[in-house]
1. From the list ASN163, ASN187, ASN147, pick out the single residue that is over 20 Å from the mean Cα position of the chain (by Cα) and on the phi > 0 side of the Ramachandran plot.
2. Would it be correct to say that ILE309 is hydrophobic (A, V, I, L, M, F, W, C) and under 19 Å from ALA88 (Cα atoms)?
3. Can you tell me which residue in the stretch 299-315 is surrounded by the fewest Cβ atoms within 10 Å (Cβ to Cβ), limited to those that are hydrophobic (A, V, I, L, M, F, W, C) and under 24 Å from the mean Cα position of the chain (by Cα)?
4. I'd like the residue in the stretch 468-503 that is part of a strand (DSSP E or B) and loosely packed, with under 14 Cβ neighbours inside 10 Å and, out of all such residues, is farthest from ligand 1 (Cβ to nearest atom).
5. Please give the number of the condition ALA255 fails out of (1) aliphatic (A, V, I, L, M); (2) at pLDDT 95 or above; (3) more than 16 Å from ligand 2 (Cβ to nearest atom).
6. Please go through the stretch 354-384 and pick out each residue that is closer than 21 Å to VAL461 by Cβ and either touching a strand residue (DSSP E or B) at 6+ places or on another chain (Cβ under 7 Å) or at pLDDT below 95 (or both).
7. Look through the stretch 91-122, keep the residues that are touching a Pro at 6+ places or on another chain (Cβ under 8 Å) and in a loop (DSSP other than H, G, I, E, B), and return whichever of them is farthest from ligand 3 (Cβ to nearest atom).
Amino acid sequence: MRAVVPSVVLPLLLTAATAPATPLGQRFLATSASAALTASSSTSAAATRVTLDSTNYVDHGLVAFGRIPNTAVDSYGESLGGLGSAIAVESFITGKDGSFRGTIRLQPDRGHNQGGLATSDYRARSHVFNLSFRPLRANAKTPASENLKLTYKSTLLYKKGFNYTTGLDPDAVGSGEPPLPTASFDNHLTVDAEGLVSLDPFLFISDEYGPYIYAVEKATGQIIGTLQPPAALVPVKGGKTNFSALSDPDTGRAANKGFEGLTLDRTTSTLWALLQEATVQDGGSDKTTSRYARLLGYKLDLSNVVAFIQSNPQPKPTHEYVVELPRSKKGNTRGASELHIIGDGHFLVLVRDGNGFGDTDSDSVYKQAALVSIKKATDIAGSKYDSASTPVAPNGNLFSDVRPASVKDFVDLVDPKQLAKFGLHTGGDFNSNLIASKLESLALISTGDRKNPHDYFLFVVSDNDFITRQGKQAGQVDGKGKYVLASYSDPYAEKYSPQDTQAFVYR
Ligand SMILES: *[C@@H]1O[C@H](CO)[C@@H](O)[C@H](O)[C@H]1NC(C)=O
Ligand SMILES: *[C@@H]1O[C@H](CO)[C@@H](O)[C@H](O)[C@H]1NC(C)=O
Ligand SMILES: *[C@@H]1O[C@H](CO)[C@@H](O)[C@H](O)[C@H]1NC(C)=O
C-alpha cells in the first residue's frame, strides 16, 4: 500500500463526525429547566443550565462510558478505527430494568494516515454496533467501571458504480456533473466522510473533499447521488476546480475543512451541512481569521430522497447562515467537528481544541457540545455570497449587515469532574484513560421517559485516527481492483500509546 503514498506531507488530518438521527423527536431538554432537573434521578445535582432564546437547557453530566479496543477489526479484517468521525443511533429502546439498548452506526473518515503523514486507499464505509448501557446513578461510587457496551455487528462498504471509493488525495477531477473528487491512482471517487444521517433506506454522508453530500443506498452501499454546494464552497485553484487537500485552493473550502457536520431536521425536512471553518475567501486559510463558517440548509421531500439527490440542475440551499465559531485565547478558531439538530432553529455543534490523546499535548482545555441558534441570524441563501468572488467575511471580517449564528457553550466534554466518574482524565500521562483529542461526533436520542419528554441522551464518540500497533488495512497495490490486507504499526502508537475509540453518553 506504500505505492499509493503521495510525496507531499499532510500537515494534519482533521476529520470529524456527524449527525445522527433523533427518531423519537427533535427537542432537547426544552422548556422548563426545573422540570428537567428534577426529572433525572441518575445524574449529578450539579447540573449546568444554559438559556438560549428563552429555552432552558440542562446538562446532567456523563452517565455512561465505553470503548472499542484499538486492536478490533471489522468483517474485512481491517482495523476498526476513525469510528467517531460520524455516528447515527438507528434504534433505541428502554429495558424494564432501567437499561437502554439499541444500534448505532459509526462512520470512519479516510483511513489510516500512512506513516502518520499521507492518505491511504481506504474504502469509505460505515459499521453497525449493538449498544447497551445502564446510566450511572448520581450516588454511584466512582470511579465507576465502564458501563457502555458496544458490540460489532456489520460493515457496509460504499461504492460508486462498480468501484469502491478511496481515501487517497483527490489529485484528479472526474468528468461529469458535478465533477467528482478522483484519485489518479485508480480513477476511483475519493471520499473523506465526516457527516452521517440515517434515513431509511438511505444514508446521507458529507465529505471534506468536495465538499459534497452523497446519498448511499443502505442495502447495497451504492452512492446514488451527489449534491454539490454553491460555487463559494467548491475548491478552485488557478481558475479550475481542484479537490486536492494537500494545500488550500484560491477560493472555496480550505484544505481538510469541508463538511464536518451533517444533520436532518425531520420537523422541517431540512438537511443541514456545516463547514469546519471559513472558506478561503472568508479568511479560511489562517486559524486567526477562519471563524465564519457556512451552514447550508436544504429542504427536501423526505418521501422522495432520490429525486432530491439526483435532480438536475442541482438543488440550491433553501437557507444559508454564517456561524461565528468560538476562538481560543490566542485568537485561533475552534473548528467545528460535528453538528446535530435540536429543533426550532437550535443545534448542537462540537467545537474543540486539538489536545489530548492523539496529539503531543495531553492537556485539553476546550471541547464543547455547544449550542447554536440561527433564530436571529441573517439568511444569505441565494445571495451574491454564493459566488466565489464575493466573500461574506473578507480576511475574516464579517460584513456588518450579516448577522452570524451565535454559539454558546453548553456541555463541557473535558470537565475533569465528569471524566473522573469513569477514571478518565485530561492532561498528564498518555495512557488509555486520557481523553481523546478528536471527539468528532454527536447524536441525540430521547430517553423515552414519558414523564420527561424533553430528556435526552447525548452520544459522543472519538476518532482515534487508527492509532494502533496492530493495524490492518486493505488497499490496492496496482489500482486495478484487487484489495490486499496489510499490517501497519502507527508511529504515534509506538511513541506514546495505542488509542482506543472512546464513547460517552451524557444526559
Ligand atoms: C444485537 O442485539 C440484538 C437484539 O438485542 C440481538 O438479537 C443480536 O444478537 C445482537 N448482535 C450482536 C452481534 O451482539
Ligand atoms: C491541483 O493543485 C495542485 C497544487 O497546486 C496541483 O499540483 C495539481 O496539479 C492540481 N490538480 C489539478 C487536477 O489541476
Ligand atoms: C473503476 O476502477 C478501475 C480500476 O480499478 C478504473 O480503471 C475505472 O476507470 C474505474 N471506473 C470508474 C467509472 O470510476
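The values are calculated or read from the model by the stated rules, or taken from the named source; none is laboratory data. Predicted, not measured: the structure shown is a model, and the values here were computed from it. Because the Cβ atoms are built from the backbone with ideal geometry, glycine has one as well, and the counts that use them run over all protein chains shown.
1. Values: ASN163 fails: on the phi > 0 side of the Ramachandran plot; ASN147 fails: on the phi > 0 side of the Ramachandran plot.
Being over 20 Å from the mean Cα position of the chain (by Cα) and on the phi > 0 side of the Ramachandran plot holds for just one of ASN163, ASN187, ASN147, which is ASN187.
2. Details: hydrophobic (A, V, I, L, M, F, W, C): yes; under 19 Å from ALA88 (Cα atoms): no.
No; evaluated as a whole, the condition is false for this residue.
3. Here is the first cut: in the stretch 299-315, the residues hydrophobic (A, V, I, L, M, F, W, C) are 300, 302, 305-309.
Now restrict to residues that are under 24 Å from the mean Cα position of the chain (by Cα): 300, 302, 305-306, 308-309.
Details: LEU300: 20, LEU302: 11, VAL305: 19, VAL306: 13, PHE308: 19, ILE309: 23.
Taking the candidates together, the pick is LEU302.
4. Start the filter on the stretch 468-503 by keeping residues that are part of a strand (DSSP E or B), which leaves 471-476, 483-488, 501-503.
With the extra rule that they be loosely packed, with under 14 Cβ neighbours inside 10 Å, the set shrinks to 484-485, 487.
Values: VAL484: 27, LEU485: 22, SER487: 26 Å.
Among those that are part of a strand (DSSP E or B) and loosely packed, with under 14 Cβ neighbours inside 10 Å, it is VAL484.
5. So the condition that ALA255 fails would be (3).
6. Correct list: GLY356, PHE357, GLY358, SER362, TYR366, LYS367, GLN368, ALA369, ALA370, LEU371, VAL372.
7. The extreme case among them is GLY98.
Condition check ((1) modelled with pLDDT of 95 or more; (2) in a strand (DSSP E or B); (3) among the β-branched types (Val, Ile, Thr)) across all residues:
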position	(1), (2), (3)
PHE243	yes, no, no
GLU260	yes, yes, no
THR268	yes, no, yes
ALA273	yes, yes, no
